[in-house]
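See structure below.
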Amino acid sequence: MYESQTDMGTPVPLKIGTPVSLIVDGREVTVLKGASVMRAAAEAGIKVPKLCATDSLEAFGSCRVCLVEIEGRKGYPASCTTEVEEGMVVSTQSERLDSLRRNVVELYVSDHPLECVSCSANGDCELQDVAESLGVENSRYGLDGANHQAVGKDESNPYFTFDPSQCIVCYRCIRACDDIQGTFALTIDGRGFASKVTAGQADSFMDSDCVSCGACVDNCPTEALMEKSVIEHGLPERSVTTTCAYCGVGCSFNAELKGDTVLRMTPDKAGLANEGHACIKGRFAFGYVTHKDRITSPMIRDNINDPWREVSWDEAFRYTADRLRAIQDKYGRDSIGGITSSRCTNEETYLVQKMVRAAFGNNNVDTCARVCHSPTGYGLKTTLGESAGTQAFNSVDQADLVLVMGANPSDAHPVFASRLKRRLREGAKLIVADPRKIDLVNSPHVRAEHHLALRPGSNVAFINAMAHVVVTEGLEDSAFIAARCEEEPYQKWREFIMGEQNSPELTERITGIPASELRSAARLFASVPNAAIYYGLGVSEHSQGSTTVMGIANLAMVTGNLGREGVGVNPLRGQNNVQGSCDMGSFPHELPGYRHISDPVVRNLFEKEWNIRLQDEPGLRIPNMFDASISGNFKGLYVQGEDLAQSDPNTHHVEKALQSLECLVVQDIFLNETARFAHVLLPGSSFLEKNGTYTNAERRISMVRKAIEPLAGLEDWEVTMALSNAMGYPMEYSHPSEIMDEIARLTPTFTGVSYEKLDRLGSIQWPCNDEAPEGTPTMHIDEFVRGKGYFAITGFVPTDERSTRKYPLLMTTGRILSQYNVGAQTRRTANSEFYDEDVLEIHPFDAEERGIGEGDWCGIASRAGETVLRAVLTDRVQPGVVYTTFHFPSSGANVITTDNSDWATNCPEYKVTAVQVSHVSEPSEWQKEYRAFATRQEELLDKARV
Ligand code: SF4
Ligand code: SF4
Ligand code: SF4
Ligand code: FES
């Protein structure tokens with residue numbers, strides 16, 4: 001039988017204590033002070049029976065199965081709640097202990113008959129294990145007394161069931177929900193024998209506050225909480241450790257399989273990004289991998305109105321190469337390009353940019369990070385010298401205050417949110433700067449000191465005002481600035497920031513934040529020993545995204561909050577491999593490692609390794625590619641794992657650009673929105689079907705390991721390699737580890753990275769090189785990567801996208817927990833039972849003014865286009881602001897967003913669109929056209945498949 005993860009009974013002590021030696025069953029063992037006797041026994045290889053204890057939760061001491069004898073002590077203490085002491089002598093086995101334990105277990109069994117053979121948990125049940133170890137087969141108390149056997153199951157959650165008849169009321173689920181997840185959805189209803197676990201006020205799981213993270217299921221020792229997939233198919237037989245393919249937290253998972261079927265994903269306790277926790281997406285939403293919509297054969301067509309034709313891989317490669325080369329012959333070398341994906345592995349991304357530079361012969365390569373965190377790269381490189389977050393996630397455990405700006409971790413980065421909430425429950429303070437009342441503002445046992453509900457588009461004014469208060473009130477960390485930052489830029493910045501225009505009183509008109517509240521938030525930020533900043537796309541996706549990132553770095557530097565644990569500037573990356581795709585040279589102006597293409601020394605390095613001549617000028621960015629396509633200068637595009645037609649702003653413009661291409665090659669696991677405009681469709685492989693690495697938001701490189709064979713026969717890196725070969729540029733790798741070796745040879749921050757080391761260490765945070773052979777959890781410790789920190793001047797420039805009489809509301813966008821980005825994966829899972837359409841959140845005042853009621857259709861018009869969504873009336877948004885998500889293509893959220901973009905990086909201004917909202921009764925014209933086009937394209941696909 002396959003063994004799931006080892007359980008040491010109780011956690012590693014929170015505070016690292018001195019070593020303590022003791023004797024357990026005659027074996028000497030040394031553990032840290034604060035450890036339990038149960039953990040010490042486990043360290044010595046001795047298993048003490050247990051039911052209510054587990055190493056992911058603090059000991060609770062309720063079941064009394066783990067009793068031991070300790071020399072010199074009376075009675076039989078519970079080993080899970082008893083701390084070790086120097087020289088202690090412990091016995092875990094004796095007839096008396098067995099008899100006491102048997103008695104307890106028989107009581108459990110009287111309400112939980114050992115009908116193990118017919119139970120789904122047979123072989124994976126701790127009660128069964130304990131009973132077996134004690135030789136308990138029946139209960140002397142009989143089975144006829146009062147029991148819970150008749151209580152019905154709660155099957156409401158699509159992924160797991162709750163069967164109260166199998167519950168032994170050990171509280172592990174409740175403690176997991178409270179302490180690990182921080183949702184507090186479960187409680188015990190009733191007292192004594194009538195005690196029963198319930199979700200909320202005796203609701204079903206689905207109707208409760210439960211967010212389906214699965215922590216209760218992971219921690220349940222019996223079949224009471226169990227995955228439906230296991231109930232249906234039986235227990236897994238093997239597991240493969242890999243990394244979640246959803247968000248930038250990068251959780252480590254064990255993909256558990258029976259045969260070639262993945263039955264469940266269990267969070268890996270050894271994974272340093274998540275330490276055994278998960279969210280609904282990574283834990284449960286993997287069914288898309290085998291969804292019937294998967295594209296499993298290459299397909300081609302001459303025209304987008306033609307049916308698709310299934311062809312062999314070889315024919316697809318030949319056809320694609322011929323068409324792209326013909327375009328180059330006709331329109332020139334620079335008339336084609338490629339787009340890498342932040343959803344693909346580092347190795348795949350590296351190969352795509354290499355293919356563009358070496359086989360296409362130009363620098364027309366860009367990545368979807370363009371539309372999310374490119375300002376982070378620019379802003380942090382300019383101020384600190386490295387385009388990456390400064391900390392490891394566990395750094396937040398040392399923070400005294402956290403500023404969350406333009407991010408919604410509970411929905412977009414849930415496992416980090418749980419860690420953050422735990423720190424907040426321990427007493428750290430929270431400031432939220434966001435136009436919307438995100439969950440963190442007020443959730444169970446967490447309340448922000450300040451919710452600064454700034455107006456969309458006013459981030460720079462806000463961050464400047466924070467720094468203004470720090471400097472004008474003498475709260476700066478002068479010693480840090482003198483030692484760590486460039487003097488002259490600092491003095492210039494200081495003069496700038498002290499200017500009256502940056503005062504909270506004057507910026508109040510821009511931000512909407514009362515001056516007194518902002519002052520008090522700034523004072524709080526500057527007064528604590530460790531203040532950390534976490535930010536998201538609400539910072540970067542603005543016309544001044546790069547300026548805000550620099551403003552954030554300025555605030556961290558002026559208060560001395562960089563270069564140690566508990567502080568730092570931390571971009572929460574949207575997709576799993578945003579950091580990696582940027583690291584790998586996906587931008588048209590940079591080679592891997594963020595080195596500019598115009599640098600002859602760097603170019604020379606790559607030219608030698610790749611045996612080519614590189615262009616010395618940057619190529620086209622995504623928006624430039626669109627413009628050039630419409631104007632007729634750009635004709636061929638290879639897109640790997642990115643859905644431009646749904647995710648990029650101003651859909652009308654994007655669609656026109658895609659339609660203007662003579663050859664669009666899409667490599668994806670589904671016929672996504674972009675693929676509907678394609679001439680070549682190359683099947684992609686999901687994360688479960690390939691080997692490689694992802695790099696998460698904390699620069700942590702983690703292994704992605706193949707659990708099942710690729711459905712279409714090839715992994716994505718093999719497809720790119722074959723296409724490059726067909727284009728006439730030879731590539732030869734037999735395994736992604738060889739691609740990583742090449743990356744390491746060419747990239748100074750990756751010099752020490754190898755698959756062997758990743759296997760050995762589990763994961764590595766770059767830089768990893770001779771100076772830091774095992775990686776770098778905290779950056780900029782003694783000095784910044786650029787030497788001295790640079791204070792950039794961050795003048796506020798209002799966006800052109802302002803509310804007007806015609807468009808009086810500001811629309812901003814975000815994510816919901818159960819769906820992910822364009823939704824291509826999560827929409828094809830039961831996650832849609834939680835959220836099956838994008839809606840428009842509107843404040844009741846604005847709704848009333850427009851005669852819009854809850855659930856009404858409302859038309860949303862901007863200068864770019866119109867769409868129609870259902871209204872949700874809520875005060876989560878402030879008057880004057882509306883909010884939506886963009887997980888469903890037919891919603892057309894990006895039909896409305898404009899092509900305004902960040903001045904430095906062209907990152908679109910998704911977060912501010914001036915709109916008018918009105919009551920309507922039918923879909924918009926675009927939505928009607930979209931449905932007709934999508935249906936037609938589905939039919940053309942179906943024709944190829946019959
Ligand atoms: S799934 Fe997560 S949120 Fe839901 S009850 Fe269990 S621990 Fe709580
Ligand atoms: S549902 Fe499972 S974890 Fe929760 S109290 Fe019952 S047996 Fe324990
Ligand atoms: S938090 Fe992110 S990485 Fe972790 S399981 Fe959820 S989606 Fe996956
Ligand atoms: S395992 Fe120690 S009391 Fe339950």
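Each of the peptides 683-689, 307-313, 729-735 was scored by the mean count of other Cβ atoms within 10 Å over its residues; in descending order, highest first, they stand as 683-689, 307-313, 729-735.
Our coupling estimate for the range 646-658, obtained by passing each phi through the Karplus curve with A = 6.51, B = -1.76, C = 1.60 and θ = phi - 60°, is 9, 9, 8, x, 6, 3, 3, 5, 5, 4, 4, 5, 5 Hz, Gly and Pro reported as x. Note on Asn303/Glu837: beta-carbon distance plugged into 1/(1 + (r/R0)^6) with R0 of 35 Å gives a FRET efficiency of 0.60.
For the Cα atoms of the chain, what angle does the longest principal axis make with the long axis of helix 313-331, in degrees from 0 to 90, nearest 10? For 313-331 against the chain, the angle is about 30 degrees.
Ignoring lysines fewer than eight residues from Lys196 along the same chain, the ones with Cα atoms less than 23 angstrom from its Cα are Lys50, Lys153, Lys228. Peptides 593-599, 745-751, ordered by how many other C-beta atoms sit within 10 Å of their residues on average, highest first, read 745-751, 593-599.
Extension gain for the segment Thr290 to Leu100, taken as residue separation times 0.36 nm less the Cα-Cα distance, is 63.5 nm to one decimal.
As a fraction of the 1.4 Å probe accessible area of the range 745-873, surface on carbon and sulfur atoms comes out at 50 percent. The separation of the range 676-711 from the range 161-240, counted between C-alpha centres, amounts to 32 Å. The residue among Tyr807, Phe845, Gln819 whose Cα reaches farthest toward the positive pole of the charge dipole of the range 806-906, with charges on the beta-carbon of Lys, Arg, Asp and Glu, is Gln819. Backbone amide hydrogens, once placed in the peptide plane, bring Cys858 within less than 5 Å of Leu869, Arg870, Ala871, Val920, excluding anything fewer than 5 places away on its chain. Of the solvent-accessible surface of the range 155-288, computed with a 1.4 Å probe over protein heavy atoms with every protein chain present, carbon and sulfur atoms account for 48 percent. Full extension of the chain segment joining Lys330 with Thr935 gains 214.4 nm, where the gain is 0.36 nm per residue of separation less the Cα-Cα distance. 3J(HN,Hα) couplings calculated from phi for the range 412-424 with the Karplus curve 6.51 cos²θ - 1.76 cosθ + 1.60 (θ = phi - 60°) are, in sequence order, 9, 9, x, 6, 5, 4, 5, 5, 4, 5, 4, 5, 5 Hz; Gly and Pro show x.
How far is helix 600-610 tilted, in degrees, relative to the longest principal axis of the Cα atoms in the chain, given as a value from 0 to 90 rounded to the nearest 10? Between the helix axis and the principal axis of the chain, the angle is about 70 degrees.
Here the spin labels are modelled as points 7 Å beyond Cα on the Cα-Cβ line, and at Glu449 and Glu137 they lie 6.4 nm apart. Which of the residue pairs Lys330/Lys608; Lys330/Lys656; Lys281/Lys757 have a Cα-Cα distance greater than 23 Å in the structure shown? Distance filter (> 23 Å) returns Lys330/Lys608; Lys281/Lys757.
For the range 757-771, backbone phi angles converted through the Karplus equation (6.51, -1.76, 1.60; θ = phi - 60°) give residue-by-residue couplings of 6, 5, 5, 6, 8, x, 6, 9, 8, 6, x, 10, 7, 4, 6 Hz, Gly and Pro being listed as x. Using only side-chain charges placed at the Cβ, +1 for Lys and Arg and -1 for Asp and Glu, the dipole size of the chain relative to its Cα centre rounds to 900 debye. Computed from Cα atoms, the angle from the helix 622-631 axis to the main principal axis of the chain rounds to 40 degrees. Straight-line cross-link partners of Lys33 among the aspartates and glutamates, defined as a Cα under 13 Å from its Cα and at least 8 positions apart when in the same chain: Glu83, Glu85, Glu86. Partners of Lys806 within straight-line reach, counting lysines whose Cα lies under 22 Å from its Cα and excluding those fewer than 8 residues away in the same chain: Lys911.
Per residue, the chain exposes an accessible area of 36 Å² to a 1.4 Å probe, with every protein chain left in place. Proximity of backbone amide H atoms, modeled 1.01 Å from N, is registered between Tyr535 and Met405, Asn570, Leu572 at under 5 Å, excluding neighbours fewer than 5 places apart on the same chain. Across all directions, the average flat footprint of the convex hull enclosing the Cα atoms of the range 863-923 is 5.1 nm². For Trp766, the residues whose modelled amide H falls within less than 5 Å of its own, excluding neighbours fewer than 5 places apart on the same chain, are Ile701, Thr776.
So, with a 1.4 angstrom probe, what is the percent of accessible area on the range 540-587 that is carbon and sulfur? Summing carbon and sulfur atoms, their accessible area is 47 percent of the total for the range 540-587.
Placing unit charges on each Cβ (+1 for Lys and Arg, -1 for Asp and Glu) gives the range 510-639 a dipole about its Cα centre, and among Ile513, Leu562, Gly619 the Cα reaching farthest toward its positive end belongs to Ile513.
Dimensions of the chain along the principal axes, based on C-alpha atoms and rounded to the nearest Å, stand at 88, 72, 65, largest first. Between Glu848 and Ala482, the modelled label-to-label distance comes to 5.8 nm, taking each label 7 Å out from Cα in the direction of the beta carbon. The packing ranking of peptides 400-411, 281-292, highest mean first, is 400-411, 281-292, where packing means the average number of other beta carbon atoms within 10 angstrom of each residue. Compute the separation of the alpha-carbon centres of the range 588-658 and the range 407-423 and state it in Å as a whole number. That distance is 34 Å.
The values are calculated or read from the model by the stated rules, or taken from the named source; none is laboratory data. All figures in this text were calculated on a predicted structure; none of them were measured in a lab. Cβ sites come from the backbone with ideal geometry, for glycine too, and all protein chains shown count toward neighbours. Calculation scope for accessible area: heavy atoms of the full protein, side chains included, ligands and nucleic acids excluded. Shrake-Rupley method; radii C 1.70, N 1.55, O 1.52, S 1.80 Å.
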